[in-house]
1. Order these by the 10 Å Cβ neighbour count, fewest first: M71, M208, M1, M62.
2. If one computes the Cα centroid of region 98-127 and of region 218-259, what distance in Å separates the two points?
3. Just to be sure I understand: if I project the alpha-carbon convex hull of region 178-259 onto a plane and average over all orientations, what area do I get in nm²?
4. Projected onto the charge dipole of region 2-256 (+1 at Lys/Arg Cβ, -1 at Asp/Glu Cβ, origin at the Cα centre), which of A79, L184, P143 gives the Cα projection farthest towards the positive end?
5. Pick from H195, H187, H146: which is most flexible by mean-square fluctuation in a GNM of the chain where alpha carbon atoms under 10 Å apart are linked?
6. Using θ = phi - 60° and the Karplus relation 6.51 cos²θ - 1.76 cosθ + 1.60, list the HN-Hα couplings for region 198-215 in order, rounded to whole Hz, with x at every Gly or Pro.
7. Please give the direction-averaged projected area of the C-alpha convex hull for the chain, in square nanometres with one decimal.
8. Rounded to the nearest 10 degrees, what's the angle between the helix 232-256 long axis and the longest principal axis of the chain, both from Cα atoms, 0 to 90?
Amino acid sequence: MRDAIAAEWWKLCSVRSTRWVLAIVAAFVVLLLALAFQEAQIFDGLAPGRREKLALRPLQEMSPWVTGLCMAVTGVLTATSEYRSGTIRSSLVAVPRRSRLPAAKAVVVTAVSLAAGEAATLGTFLGSRLVIGDRPFVDQRAPLPHDLPGFGVEAVSVPVFALLGLALGLLLRSAAAAITAVVLLWHVLPLLVFHLPAPWNERLGSVMLGGLGPRAAGHSVENSIYGGALPPWGAAALMLAYALLPLVVAVSVFARRDA
């Protein structure tokens, strides 16, 4: 199993798409920090009474949300690139036990996406705190050690997206189809659910994947398209289900059908 994991690690690190995706994540973090700087300038120009309505946290929480989509694309390409190039047959010769190949891919994708998610999320949070300095934003008054663990927990949603992308890639064998499915689950379906009549918009919005990270971290999802009906432990359990159940189905199907 260790050899299979090492081989998948080499594959992921050697392909150009991985470097491009990580570069996009880094560029987005820089963009968010630039927006935080702009918001700090806006704060300085507001009257004291209006400063109480200016929040920074929605900007900080965009990092794991977008990084999740980027790493989901990496998960998809980890599965589909071998079908496109025809090297899947060589991989199965090297790893004849079919369940081990997707398991090795899952380990590598989880490790890379978790590292990317934590780096992007905590980098955005700490960087924006550095940018705003001692400006008393209404949602930034808690001490740094108080807010830091929550953002660390929220970053765990990134590998969930990556594993979902890997599972869809194994099932659909098409990068275009799998990425389309990920985008639908990432943002399109929650938008549709948001426009349902109450109370179904709240109930169904609470189980949409994009809002589970903030809920698991104990953050509010008010003024968003997601519902807040789940407690933090329920959101964490549902995230685990999103990560594991599609992957179990994908591995089962992969083990039974032709390459």
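1. By the 10 Å Cβ count, ascending: M1, M62, M208, M71.
2. 16
3. 6.2
4. Checked the options; the winner is A79.
5. H146
6. Listing the rounded values in order: 5, x, 5, 5, 5, 5, 6, x, 5, 9, 6, 4, x, x, 6, x, x, 5 Hz.
7. Convex hull of Cα atoms, orientation-averaged projection: 14.9 nm².
8. Helix 232-256 and the main axis of the chain meet at about 20 degrees.
Every number in this text was worked out from the coordinates using simple rules, so none of it is lab data. In this text, all values refer to a predicted model and were calculated from it rather than measured experimentally. Here the Cβ is made from the backbone with ideal geometry for all residues, glycine too, and neighbour counts use every protein chain on show.
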